[in-house]
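Where a number appears in this text, it was derived from the coordinates with a stated rule and is not lab data. Computed from a predicted model, the values in this text were never measured in an experiment. Using ideal geometry, Cβ is built from the backbone for each residue, glycine included, and neighbour counts are taken over all protein chains shown.
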Amino acid sequence: MGKAYFASDFHLGVPTYEESLTREKKIVRWLGEIESDCETLFLMGDVFDFWYEYTTVVPKYYTRLLGKLASMTDAGIKIYFFKGNHDMWTFDYLQNEIGLEVVDEELSITLNETNLYLHHGDALWKGEASYKLIRKIFRSRWAIWLFQRLHPNFGIGLANYLSTSSRKKNSAKDELDIPLEMEYQYQFAMDHSAKNDIDYYIFGHRHKPMDVPIRDKARLINLGDWISKNTYAILEDNNVTLHTYND
């Protein structure tokens, strides 16, 4: 059986075009190195720092990544694309043109007898009421309809500005040394595992690589990011391990 790979938070598009392009090329090199034994690839959200599909317009960048993903799906590799908080506005382009399976929220899946709970990792726990409200509004059909009325030059420019501001704010949180029991992904996994048979909880979003036990039967994996850490996970022989890509 082939391996399953997991990666998250590429945030392509920031902080500059040049730095994003360098990061994109690195990601494509990594994909080229894993595709020979990759059976399933999970891209766990915030692949793009912003993504929006108009009816006939998509962001003009990321050609290398999209082409590589299309060639992988053409070769029979199953690729899941999770909507993150930065790239939630994908509709049918990635499915129809690239061959990805888009996941709107969570995915519970069993691979090789290993039970996985997968989610981008945002809006999981009981707090963050204001963020959850904003998230719900942004995902509403009315917000999507209104945004489509904006010219792409203005709409994408505005969204990139807001997305960059949000990322800077969250980056400060990522640097905080939060005790494990206060991590909301950990809190969620502890609560969820009490009622569900899960072997691994795998998240992105926090930009903080983690591999910690959940009770006595599961583990929580946070995938980190590719802005500074270049971390990813592999499922092989019923075991998930974190790795760092050094090209």
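Per-structure values
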read-out: Exposure proxy order (Cβ contacts within 10 Å, fewest to most) of R23, R215; value: R215, R23
read-out: Sorted by Cβ neighbour density within 10 Å, fewest at the top, the residues F50, F203, F91; value: F91, F50, F203
read-out: Net lengthening on full extension, T56/S228 (0.36 nm per residue, minus Cα-Cα); value: 58.6 nm
read-out: Which of H243, H86 has the fewest Cβ neighbours within 10 Å, and the rest in rising order; value: H243, H86
read-out: DSSP beta bridges in segment 1-123 [antiparallel fraction, %, rounded to 5]; value: 25 percent
read-out: Most to least packed among 3-9, 42-48 [average Cβ atoms within 10 Å]; value: 42-48, 3-9
